[in-house]
Amino acid sequence: MVSMVSGSAEPLSASGRSSEKLSLLSLQSKMKTDPEGYETELHLIRNQFYSALELFQQQAALNFSSISGVGADPTVAKDLSDRAMFLAHVTPFYPKQLAEFPSDLAAFLKSSARTLPSGLRFHATQAVILLVNRKIIDIKDTLSLFMELQTLDDRNLRKLAFSHVVHSIRRMNKNHKNEAKNRSLQNILFGLLQQDDEAKAKRSLITLCEHHRKKVWFDERTANAICMACFHSSSRIMIAVLSFLLDYEKIENDDEDSDDLSSEDEMTQNPRVVISKETVYKAHHKGTAASKKKKKAKLQRAIRSMKRQQRLSSESSNCSYYSPLYHLKDAQGFVEKLFSRLQTCNERFEVKMMMLKVIARTVGLHRLILLNFYPFLQRYVQPHQKDITNLLAAAVQACHDMVPPDAVEPLFKQIVNQFVHDRSRPEAIAVGLNVIREICLRMPLLMTEDLLQDLVLYKKSHEKAVSAAARSLITLFREVCPSLLVKKDRGRPMDPKAKPKAYGEVNVLSNVPDFELLEQDDDIGGSEDDESGDEAVYISSDDGNEDNDDEESQYTANDGSEDEDVLDEEGDENDSVDEYESDIDDANEDDSDDEDKGDTEELETEEDDYNEEVSGSSKAGDNAGDGGNEDQKAKASKRKLSDFEGQLIAADTSLRALKRLAEAKTSHASSDSVDGILSDEHFQRIKKLKAKKEAKTALAQQGFKIPSSDQLSFKRVDPSKLEAHVRLRLSKEERLALVKAGREDRGQYQARTAIKQKKTGGLSNRQKEHKKYMPLAAKKAKAQRSRQEKNKKKSRSGKQFRGKKAWKQ
C-alpha cells in the first residue's frame, strides 16, 4: 500500500464544527473510524479537489512555459496532490459519494502526465495505485496508463509504475489463475510490443520477460510473443530479445563433482539406480587392497554414469530444461525469417553472433533443416576468427541426424583442413578434434576410414590437450563404428558389429519397449528372483540390437557364469581378457564370407541353448562350456576346409539354421504377447529389470553410452569444453602474479650465516663440547695435547721449514 503524504498545515473548519480545527491526516483517521459523521467534510474536500483541478488546468493552458513542467503557482499543485491522496485513502469508505473520483483522477493523469510537475505526477500515480490495490479500479483499465508512465523521463516514476504492474499481476495469479483476465492483459502488452514506438515496445518486452522469468505467465503465448519480438524494426529490441533467449542457454556446471555432491533427496527421487549388494560387498571386503581400490573406482564410475543418464532422460521427459524457443508454434518459419535478417543486417559482429546462436539452438532443438545455414557458417570457420569457439559450438548444435550429410560435409572438411594439420597450433588442433568428435556424435556418417585413422595418430602428441582429444575420438568410434578403427585401437567394444544408422533410418517398435526383459525374467524363473531380491543383477542383451540373435542367446545361456565374471573382473583380469578374445574370434568367424561346418555346429548349439532356455532347464553352464570346445573345433575345421562345394553347403545350412532360430523366437514372442494385456505391475517390473540391466551394463562397460537423438537435441554444447586441457598463453603481468602468489607461503631468502647469527634458543654443537662433562684423566690428556701443540708452534715460529728428514722422525 502506498504511504500517506502529510496533509496541509492549513486547518479546516467544517460546518457545525467551527471550534475544531483539523489537519488532513487527523481528519483522514477520524473519517475512517466514523464515515457517516464526516460527510460534510468529505463534500468540502471533494469540492476543493475539483476546484484546484480546474484552477490547475487553467494555469496549464495559460502559463505553459517549458517541456519540463508548468510555470504556475506551486501551492496549487501541492494542494491538488494532497487532496488527491486524501480522497484516495477515504474512497473505500464513501463508495457512492466518490464514485466518479477514480475515473476522473486516472483520466487527468493520462491526459496531462507529460506536462505535470514531477511531484504532482508522482503523488497522483500513488493515488491511482492505492485505488487499484483497494480493487476500486481494475488493473485492466490502468495497465496502458502505467505502461505510458514508464516511458517518461522520470526514474522514480518508472520504477514505481513497473513494480506496481509486476506485483499486481503476480498477486492476481497467486492463488488461482484467471485465464480470461490474463489473456486480456497479455493482449494489451502484445499490442504495445508490436508498435513501432521503441520506448513502449521496450517497456512491454521487459514486463513480459519479467513475468515469464518469474513463471507467472509461463505459457506458449508469452513465449511466442517474446520470440517474435526478434523481428521488431528496432535493433535494440531485437538485441534485448536475443540476450533474453540466450540467458536460458547458459550451461550449469555438470561435472562429476556435482554428481558426487548430490544430496540424498535426489537418490530418493531417482530410486532406479540399482547396484547389487554383492558387488558393493566385494568392492569393500574381498580381494587385496589394490583390487578393492579398482572395484570401488569401477563402482563409482557406474553410479556416476547411471546418474548422468537419468539426468539426461529427466531433462527430455520432465522438461526440467526450459527455453522459450521450445514452445515456438512455427519454428521453421522463425528460423528462416531470422536467418534472412542475419544475411541482410549490418549489425556489429557480436549481434550477428547472438543471432547465429539462437538460429543454431532452434535448429538443434526442433531438428529443423536449414541447408543454407551451413555454407554461411563455413565463411567464418578460421582459427584466427573472433569468438571461434562460440561459433563452432553453434555449428555443433545445428547438426542432427535429420540433416543430410552432404549438406554438412563441406563445413566438416573445412574444420578438418583449417584446424587439424601439422603446422597448426596445438590449441587449434585440440579444438578442431573436439569439434569433430561432437559433430560425429550427432552425424557419424560424415567420418571416413582414412580420415579417422589420420586423426587418431594425434594420440601420440606430447601436448595433453591434443592427445586427450584424439583419445576421446577413439572412444567415440569404439562405440559407434569400431570397424573404422585399426584393430589395435578398437579396444574392447561392447558390440564389435556396431554401425551407424543410414540417413533416414528409424527403428520402429513392434512391441512394448523392453518387453523382452520380462520374457527373459520369466524364462529364468521367478523362484530365483524372489530368493535373491535386490542382491541379484541379471544380464540381458544390448539395447536396440534385436538383429544379434546369436549374441542374445549366448548372453542368456551363460547367465550365471558371466555374472560372476563381470563382478570379479578386477580379481581375475586374465580370464576376462581370454573370454573377450574368444568372443572377438567368434564374431570374426560369423562375419567371414567363407562360412564352414563349424559355423553350422555353432548355430545348432545356439538353437539348442535357446530351446533349453525356453523349457527352463538348468544346463546353461554346460552348454557354455561345450560352446567353447565347439569354437575350437570350428577353428580347426576352418583351417582344414578347402573345397568350394563344402563352403556352399555350410553357408546354406547356416542360413537355414538362422531361419529356424528366427522363426522359433518370433513364435515364442507372439505366444507370450497374446497371453494378455500388461498391467501396472508388469510395467513396474519392467522398470526394475531395466534398472538392473543398466546397472549391469554400466559396471561392465569400458567406454560411455551414446545418448539418443532426443537427448542430443536437448543437450547444450559448452564452448569452454571444446578447449579442454588447452593452456592459454599468459601475459607478463599474469605470469608475475602467479610467481608472487607462489611466494606467499615462502619465507624471505637469507644466507645461512645470517640465519646462524640471528639464532635464538639453544647452544651450538661446539659450545656444547666446551661444556661437556669429561673424566679427570681425559681432561689431563686434553690439556697435555694442547700444551704440546703450543710448544711446537713456538719452536717453529721464526724458522724456515726445510722439510722433514727421515732420520729425525
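No value in this document is a laboratory result; all are computed from the given coordinates. If you're wondering where the values come from, they're calculated on a predicted model, not measured in any experiment. Ideal geometry is used to build each Cβ from the backbone, glycine not excepted, and the neighbour counts take in all protein chains shown.
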query: Tell me, what is the FRET efficiency for Glu39 and Lys135 to the nearest 0.05, using R0 = 22 angstrom and their Cβ-Cβ distance as r?
result: 0.45
Net length gained if the chain between His284 and Lys96 were fully extended (0.36 nm per residue, minus Cα distance): 59.5 nm
- request: At 7 Å along the Cα-to-beta-carbon direction for both Lys296 and Lys352, put a label point, then send me their distance in nm to one decimal.
  value: 5.5 nm
field: Gain on full stretching of the segment that runs from Ser233 to Lys460 - 0.36 nm per residue minus C-alpha separation
entry: 76.3 nm
- request: Taking every pair of Cα atoms in segment 176-231, average 1/r, invert it to obtain the Kirkwood radius, and report Rg/Rh to two decimals.
  value: 0.95
field: FRET efficiency, Lys214 to Leu730 (Cβ-Cβ, R0 56 Å, nearest 0.05)
entry: 0.85
- line: For the pair Thr753 and Lys174, the simple spin-label estimate (label points 7 Å beyond Cα toward Cβ) gives in nm 8.2 nm
task: Give a quick list of chymotrypsin sites (Phe, Trp or Tyr not before Pro) in segment 710-775 that DSSP marks as loop, anything other than H, G, I, E or B, with at most 15 other Cβ atoms within 10 Å.
output: Tyr749, Tyr773
field: In nm, spacing of pseudo-spin labels at Glu198 and Asp422 (7 Å Cα→C-beta vector)
entry: 5.5 nm
- request: Tell me the chymotrypsin sites (Phe, Trp or Tyr not before Pro) within segment 196-234 that lie in a loop according to DSSP and have at most 16 other beta-carbon atoms within 10 Å.
  value: Phe218
- prompt: Does segment 384-512 classify as rounded, prolate or oblate by the C-alpha gyration tensor (a ≥ b ≥ c root eigenvalues; a/c under 1.5 gives rounded; else a/b over b/c gives prolate, otherwise oblate)?
  reply: oblate
Low-density loop positions, GluC sites (Glu not before Pro), segment 716-772 - DSSP coil, at most 10 other Cβ in 10 Å: Glu744
message: Just to compare against my own numbers: the Cα pair-distance distribution for segment 32-174, 5 Å bins, whole % per bin, please.
response: 2, 9, 20, 21, 20, 14, 9, 4, 1, 0
query: Pulled fully out, how much extra length does the chain show between Arg341 and Ala777, if you take 0.36 nm times their separation in residues and subtract their Cα-Cα distance?
result: 146.1 nm
